[in-house]
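Structure record follows, encoded as structure tokens.
The values are calculated or read from the model by the stated rules, or taken from the named source; none is laboratory data. These numbers were taken from a predicted model, which means no experiment stands behind them. Cβ: placed from backbone, ideal geometry, glycine included. Neighbour counts: every protein chain shown.
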Amino acid sequence: MDDGWLRPFDHRFREIRPTSHIWVRADARSPWVLDVPLTPFRDGLWTNKKLPGQAMSLEEATWTDGGLRYLQPEIVLFMKYAQVRGKDIRDTGQALPLLGPRRREWLRDAVSQVAPDHDWARSSS
């Protein structure tokens, strides 16, 4: 996904922008099985693409399981703040109660910087 449109990664389109997503499927007739959002990496630090001034170590921004690295849940919720779809509301309803005070504060502060009137900025405390 690039600038709101989907294009193949082949000989016609070789450039991958650091803020793009890579969607994976077996072939053109198969369903999508993986969405890999790319995130800028600066000076050895993970950089928040929605808050470019915010950077942290990869170990702080992610957790691992079975050798795979995942964004921390509060960061995933933050990435969804502007897309309040049914699945985002469900994700928030399930994940928010599991966040500890420090993670809730991080989410509230991050959303407050980009959308101070957003429900998540007020309700995550």
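Data table
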{"read-out": "Tabulated pairs, the stretch 30-50, first farther than 17 Å from Ala110 by Cα, second surrounded by 14 or more Cβ atoms within 10 Å (Cβ to Cβ) and among the charged types (D, E, K, R), C-beta under 8 angstrom, 6+ apart or interchain", "value": "Pro40/Lys49"}
{"read-out": "The stretch 76-111, residues that are assigned to a helix (DSSP H, G or I), under 14 Å from the mean Cα position of the chain (by Cα) and within 19 Å of Pro52 (Cα to Cα)", "value": "Val76, Leu77, Phe78, Met79, Leu107, Ala110, Val111"}
{"read-out": "Test: Pro52 is at pLDDT below 90, surrounded by 10 or more Cβ atoms within 10 Å (Cβ to Cβ) and farther than 20 Å from His118 by Cα", "value": "no"}
{"read-out": "Of residues in the stretch 56-94 being surrounded by fewer than 11 Cβ atoms within 10 Å (Cβ to Cβ) and among the polar types (S, T, N, Q), the one nearest to Arg104 (Cα to Cα)", "value": "Gln94"}
{"read-out": "Odd one out for Lys49, checked against (1) in contact with a Ser or Thr (Cβ under 8 Å, 6 or more places away or on another chain); (2) of a type in the set (D, E, K, R); (3) in a strand (DSSP E or B)", "value": "(3)"}
{"read-out": "Any hit, the stretch 12-23, residues being in contact with a helix residue (DSSP H, G or I) (Cβ under 8 Å, 6 or more places away or on another chain), free of Cβ contacts under 8 Å to residues at least 60 places away in the same chain and either closer than 29 Å to Pro97 by Cβ or of a type in the set (Ser, Thr, Tyr) (or both)", "value": "no"}
{"read-out": "Filter result (part of a helix (DSSP H, G or I) and either touching a residue at least 24 places away in the same chain (Cβ under 8 Å) or over 18 Å from Val114 (Cβ atoms) (or both)) within the stretch 55-75", "value": "Leu58, Glu59, Glu60, Pro73, Glu74, Ile75"}
{"read-out": "Hits in the stretch 19-41 (condition: part of a strand (DSSP E or B) and either at pLDDT 85 or above or under 17 Å from Trp5 (Cα atoms) (or both))", "value": "His21, Ile22, Trp23, Val24, Leu34, Asp35, Val36, Pro37"}
